[in-house]
Structures are given as structure tokens and as C-alpha cells.
Amino acid sequence: MAKRSKPEEVAAKLRQVDVLTAQGRPVTEAVRSIGVTEVIYYRW
């Protein structure tokens, strides 16, 4: 079974994606760089 992320870890990763996309990186690439799938990202 997969490990569940703590809410504060999820928030930090979502902020990281926001920063990367603000710098012009595509969402797909930014999500991959935080180590989750796009499905999980959009579920969060």
C-alpha cells in the first residue's frame, strides 16, 4: 500500500508546483519534479 502524505507535506509540494509553473515550467514537468503523478496532483 502506498504511503499517505501528511497535509503539510502535500501543501509544501503544491506550493512547489505553483512556484515552478510561475517560472514557466509546464505543469506536467513541475508535477513530475515533486515525485507524484498528475492524477495524484489533481486529486490533491
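Only the coordinates and a few stated rules stand behind these numbers; no lab work does. Since the structure is predicted, the reported quantities are computational estimates derived from the model, not experimental observations. With ideal geometry, Cβ positions are generated from the backbone for all residues, glycine too; neighbour counts draw on all protein chains shown.
Structure data summary
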read-out: Distance between modelled label sites at V19 and S5, nm, 7 Å Cα→Cβ extension; value: 1.4 nm
read-out: Cα long-axis angle, helix 7-22 against the chain (0 to 90 degrees, to the nearest 10); value: 20 degrees
read-out: Environment charge of W44, counting only residues whose C-beta is closer than 14 Å and scoring Lys/Arg +1, Asp/Glu -1; value: +1
read-out: Added length on full extension, which subtracts the Cα-Cα distance from 0.36 nm per residue, R43 to T28; value: 4.0 nm
read-out: The chain: GluC sites (Glu not before Pro) falling in loop per DSSP and having at most 10 other Cβ within 10 Å; value: none
read-out: DSSP loop trypsin sites (Lys or Arg not before Pro) with at most 14 other Cβ within 10 Å: longest gap in the chain; value: 5-44
